[in-house]
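> Please read through the structure below; I'll follow up with questions.
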Amino acid sequence: MSLLEGIEPHWLWLTLGLVLAVGEMTIPGVFLIWMAGAAMLTGLATWLMPIGLPWQVVLFAGLSMVSVFAGRNWLRRHPIQPADPKMNDRGARAVGEAVVVTQVIEGGQGRVRLGDSEWLARGPDAEPGTRMRVSGHDGAVLLVEHLH
């Protein structure tokens, strides 16, 4: 006697859909959710119509391909906008902030204090204690200019 014997196939498809949806929430990639929808639709179709297993698999495969491509096209036209695009970019967050030179900026390079940390800086020559403004960043190096 098989483990799956006696279980209605639509419950298997609906369960697969839920497992894929949980997988999308656990490991977000905007991919599994479309396959979860295809599994749920396959479960619904199997519940409403008597479909053999080979046709269920074909239906799931077809719905998966259509939903993944449709989802990719929709996301391309409607990109997800982050709530805070600079969240993981500390250099971009610093643009416009005032800094104090801690190590002489000579030959275009030195160090500045921003908040409670020191950063490498590039900009016009300046003596320690000079207040400057962050005009940009190049990776972890702040680009600074004199306050106007």
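> Which of the numbered conditions does R122 fail, given that it passes all the others? Conditions: (1) more than 29 Å from the chain's Cα centre (by Cα); (2) under 21 Å from A36 (Cα atoms).
Going through the list (1) more than 29 Å from the chain's Cα centre (by Cα); (2) under 21 Å from A36 (Cα atoms), R122 breaks only (2).
> Taking segment 16-35, which residues are of a type in the set (G, A, S) and surrounded by 19 or more Cβ atoms within 10 Å (Cβ to Cβ)?
Pass one, segment 16-35, residues of a type in the set (G, A, S): 17, 21, 23, 29.
Hit for segment 16-35 is G17, nothing else.
> Follow-up question, since we're still on this one. Which condition number in (1) out of contact with any helix residue (DSSP H, G or I) (no Cβ under 7 Å at 6 or more places or on another chain); (2) modelled with pLDDT of 95 or more; (3) closer than 15 Å to A92 by Cβ is the one that V134 fails?
(1)
> Here is a list: W47, W74. Which entry is touching a helix residue (DSSP H, G or I) at 6+ places or on another chain (Cβ under 6 Å), modelled with pLDDT under 95 and closer than 30 Å to H10 by Cα? Talk me through it step by step, then tell me what you get.
Working: W74 fails: touching a helix residue (DSSP H, G or I) at 6+ places or on another chain (Cβ under 6 Å).
None of the other options fit; the residue is W47.
> If I ask for residues that are surrounded by 15 or more Cβ atoms within 10 Å (Cβ to Cβ) and out of contact with any Leu (no Cβ under 8 Å at 6 or more places or on another chain), which ones from segment 119-139 would you list?
A126, T130
> Hey, another quick one. In segment 59-80, how many residues are loosely packed, with under 12 Cβ neighbours inside 10 Å and β-branched (V, I, T)?
Final tally of qualifying residues: 1.
> Do we find a residue being within 31 Å of the chain's Cα centre (by Cα), surrounded by 10 or more Cβ atoms within 10 Å (Cβ to Cβ) and aromatic (F, W, Y) anywhere in segment 36-58?
There is no residue in segment 36-58 that is within 31 Å of the chain's Cα centre (by Cα), surrounded by 10 or more Cβ atoms within 10 Å (Cβ to Cβ) and aromatic (F, W, Y).
> For segment 81-118, which residues satisfy the criterion of being exposed (fewer than 10 other Cβ atoms within 10 Å of the Cβ) and either at pLDDT below 85 or farther than 22 Å from T130 by Cβ (or both)?
Q81, P82, A83, D84, P85, N88
The values are calculated or read from the model by the stated rules, or taken from the named source; none is laboratory data. Please read these numbers as outputs of a predicted model, since none were measured by experiment. Virtual Cβ from ideal backbone geometry, glycine too; neighbours counted across all protein chains shown.
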